[in-house]
Amino acid sequence: MCDTELVLEGLELTEEVEEVEDSLQEIRAAVNGEMDQETETDFETRHYGFFPPLSVQRFNKITAVIEKHGKIDHVIDAGCGEGSLLVHLRRRENIRRLWGVEQNSDCLNWCKGQVAPLNSDFLRPRKTPLNVDLFQGDLLLHDTRFQFASNQNTAVVMAEVIEHVPLDKLELMKHNVFGNWRPYLIIVTTPNSEFNILFKKAGPNPRRYIIDDNSNGGQGGGLAKGYRHDDHKFEWTRAEFRQWSSAICNKYKYTVEFDGVGTQTQWETGDFDGRESFESLFGP
């Protein structure tokens, strides 16, 4: 076996060990109540009822939609947070450029470390070059830096973002992204409030929730009158989400397809099959 093969095998083993250590660290943080808001919510969802983890299901669905539109090789993650989706997309050979837009400076600084090149990127370089750019920006305001978004090879993703925008400000964001940017493809995901009845609170922390195994398919779950995250300004039903999406199509001349993420097959309800989050795909 040559030295190069030994190095690569050692690198892969190191990466596996690091993944296990990260998981153990995450579990300790959950037990000790030391998680940040986004990681905590995702942890609770992943470890109570969703497999693969909900974030993985969401990112895989987004990736599949982008790859289905073969011409898309530029992606803007609008509201990128700490960069989890960017990290996922940077592994795809069909993606040549990624942009992350985030208003929170702390999240953006963390994101810089997340998307920085790894040692493995130099040992096993991509077949096609990849550029990643991060911007601090407000999705409610027109920003001339994103005039390129209207190119036919560009998609915008807003994954679990719109529910953090106050309802009285949502129109500004909608006009900015759909009216000013006008990308070829827009992917939007947001929580399905009808799914909340299947959750129950996990302890005193108001942000923690788990699948309620005793909810009897929707007969009195613990979040029916609340939101899943203390920063959520709203959570919509299927009808509300469809109404919002249809209004966008009428005003900005898009078409829309509806889908979902995070199926719980033991609680199939309606045409979203009991899915935890909505997904709408806006195209020409």
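Couple of notes before you dig in:
- Accessible area of Arg182 in the full protein assembly, 1.4 Å probe (Å², nearest 10): 100 Å²
- Extension gain for the segment Arg242 to Asp230, taken as residue separation times 0.36 nm less the Cα-Cα distance, is 1.9 nm to one decimal.
- A simple count of charges around Lys233, restricted to other residues whose Cβ falls under 11 Å of its Cβ and scoring Lys, Arg +1 and Asp, Glu -1, yields -4.
- Asp106 versus His175: modelled label distance in nm, points set 7 Å from Cα along the beta carbon direction: 3.2 nm
- Net lengthening on full extension, Lys253/Leu141 (0.36 nm per residue, minus Cα-Cα): 38.2 nm
- The accessible-area ordering, largest first, of the residues Val256, Val65 stands as Val256, Val65, per a 1.4 angstrom probe.
- Amide hydrogen neighbours beyond the local backbone of Asn192, cut-off 5 Å, H modeled: Ser277, Phe278
The values are calculated or read from the model by the stated rules, or taken from the named source; none is laboratory data. Quantities reported herein were computed from a predicted structural model and do not represent experimental measurements. No Cβ is skipped: glycine too gets one built from the backbone with ideal geometry, and neighbour counts run over all protein chains shown. Surface areas here come from the heavy atoms of the whole protein model, side chains and all, with no ligands, DNA or RNA. Shrake-Rupley method; radii C 1.70, N 1.55, O 1.52, S 1.80 Å.
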